[in-house]
Amino acid sequence: MDCGLCELIQCLAALAIVILILVVLIAHFTGSGMVNLRRHEKEKYFLTEIGEKKEFPSLHDPHSRELSVVVPSYNEELRLPVMMEEAMEYLEKRQKQQPSFTYEVIVVDDGSKDKTTEVASTYTKKYGADKVRVLTLVQNRGKGGAVRMGTMSSRGKLILMADADGATKFADIEKVEAGLEDINPKPENMAISCGSRAHLEKESVAQRSVFRTFLMYGFHFLVWFFCVKGIRDTQCGFKLFTREAALKTFSSLHVERWAFDVELLYIAQCFKIPIAEVAVNWTEIEGSKLVPVWSWLQMGRDLVFIRLRYITGAWKLESPRKAD
């Protein structure tokens, strides 16, 4: 009986080792080594308010605006106007109060099948292309890919990533700016301030099913165990970067879908870029593109693969280089 139990344990241990080796090999050989910074020819240009085609600048260029706001958008013709109205009202009011404050909003249409580009373009016509630009991607890259393309085309000294659903109150940019300002020192002027919903976790648990709560905590554990330490909410789509931190982190980003935030913060911690986490006002908005169970499982897989691919050398931290 004891011998049979020992043999069973040995077989299970051997099976676990084989599975681990297979997972490591799959992670290594399915990970593309190079960061995808290529642009389609059409993605190099934006249209002005009079329909003139102009080339986007590069993140490698010196900043010429105080703030860039990058808004990744996929099939957001219905939700985008609410977010844009709130954001533009705040930004215009701030500019009137502080004439030296300059800004731009870059709406990145991530290969939408609806009229996202047309809706976004109405704000270019209203405020001018110096303030609102639309970057239309030829095909869907995923949220991470859209954010990176917009960031690499920005002119801001500070760069804010903000979701198109307007779930975070836009005026809370002042909170993440204060969090960024409080970081001292900033090595090579690099720092990141993350909006956080962690303070709302108890309330959200009370409204979720037991299964979804289990998935949430499981995801948080995987984030902590494999990738990012010390940040309670990695997924809030309201993050502020110094230009230097954006260039350093987005130049190494491989993941282009939902788990990109985690890799971005993992890269930042590898480079020892200081990160602040700041509580923001957040409201759940209908129309989320996340499929509750499937998307969480995909993100869990991505978290494991992110860590394994860096460990095995399939992915490496890149030096900033210009997009092709």
* Fraction of antiparallel bridges per DSSP, the chain only, in percent to nearest 5 -> 35 percent
* Structure fact -> the chain, Gaussian network, Cα under 10 Å: of Leu22, Leu80, Leu12, the residue fluctuating most is Leu12
* Asked: When the Karplus curve 6.51 cos²θ - 1.76 cosθ + 1.60 is applied with θ = phi - 60°, which whole-Hz ³J(HN,Hα) does each residue of segment 104-113 get, with x for Gly and Pro?
  -> 8, 10, 10, 8, 9, 7, 8, x, 5, 9
* Go ahead and set up a Gaussian network model of the chain, Cα springs under 10 Å, then flag whichever of Gln97, Gln139, Gln298 fluctuates most. => Gln97
* Structure fact -> Counting only protein heavy atoms with a 1.4 Å probe and every protein chain in place, the carbon and sulfur fraction of the accessible surface of the chain in whole percent equals 58 percent
* Asked: Residue by residue, what Karplus-based ³J(HN,Hα) values in Hz, rounded to whole numbers, does segment 59-75 have, using 6.51, -1.76 and 1.60 with θ = phi - 60° and x for Gly and Pro?
  -> 5, 6, 6, x, 5, 10, 9, 6, 9, 10, 10, 9, 10, x, 9, 10, 6
* Structure fact -> Between the Cα axis of helix 292-312 and the main Cα principal axis of the chain, the angle (0 to 90°, nearest 10) is 80 degrees
* **Potential lengthening between Leu22 and Lys93 on full extension [0.36 nm per residue; Cα-Cα distance subtracted]** => 19.9 nm
* Interchain or long-range residues, amide H under 5 Å from Phe238's placed H -> Gly195
* **Counted charge near Ser193, where neighbours are those whose Cβ lies closer than 12 Å (Asp, Glu -1; Lys, Arg +1)** => -3
* Past 21 Å, Cα to Cα, is the threshold; run Lys131/Lys157; Lys229/Lys272; Lys53/Lys239; Lys169/Lys239; Lys248/Lys272 against it and keep the listed order. => Lys53/Lys239
* **Label-point separation in nm, Ile311 to Asn281, each point 7 Å along Cα→Cβ** => 4.3 nm
* To do: Would you mind getting me the FRET efficiency between Ala198 and Cys3? Use the beta-carbon distance for r and R0 = 35 Å, nearest 0.05.
  => 0.10
* Calculated from DSSP H runs of 4 or more alone, at -39500 (n - 2.57) each and per residue, what is the 222 nm mean residue ellipticity of the chain, nearest 500? -> -13500 deg cm²/dmol
* Asked: How much area per residue is accessible in the chain when the probe is 1.4 Å and only protein heavy atoms are counted (Å²)?
  -> 51 Å²
* Which of rounded, prolate, oblate describes segment 158-199, given a ≥ b ≥ c as roots of the alpha-carbon gyration tensor eigenvalues and a/c under 1.5 marking rounded, otherwise prolate only if a/b is larger than b/c? -> prolate
* Asked: Given H placed 1.01 Å from N in the peptide plane, which residues other than close sequence neighbours of Glu66 have an amide H under 5 Å from its amide H?
  -> Thr102, Tyr103, Lys157
* Once you have the Cα-Cα distance between Lys42 and Leu78, take 0.36 nm times their residue separation minus that, and quote the gain in nm to one decimal. => 10.5 nm
* When the chain is treated as a GNM, springs tying every alpha-carbon pair under 10 Å, which of Tyr266, Tyr90, Tyr45 comes out with the largest mean-square fluctuation? -> Tyr90
* Asked: Counting DSSP beta bridges in segment 19-172, what percent are antiparallel, to the nearest 5?
  -> 15 percent
* Two-site label geometry, Ser100 and Lys126: point separation in nm, points 7 Å out along Cα→Cβ -> 3.0 nm
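The values are calculated or read from the model by the stated rules, or taken from the named source; none is laboratory data. Please read these numbers as outputs of a predicted model, since none were measured by experiment. Glycine also receives a Cβ, built like all others from the backbone with ideal geometry; neighbour counts cover every protein chain displayed. Keep in mind that these areas ignore ligands, DNA and RNA; they rest on the heavy atoms of the full protein, side chains included. Shrake-Rupley method; radii C 1.70, N 1.55, O 1.52, S 1.80 Å.
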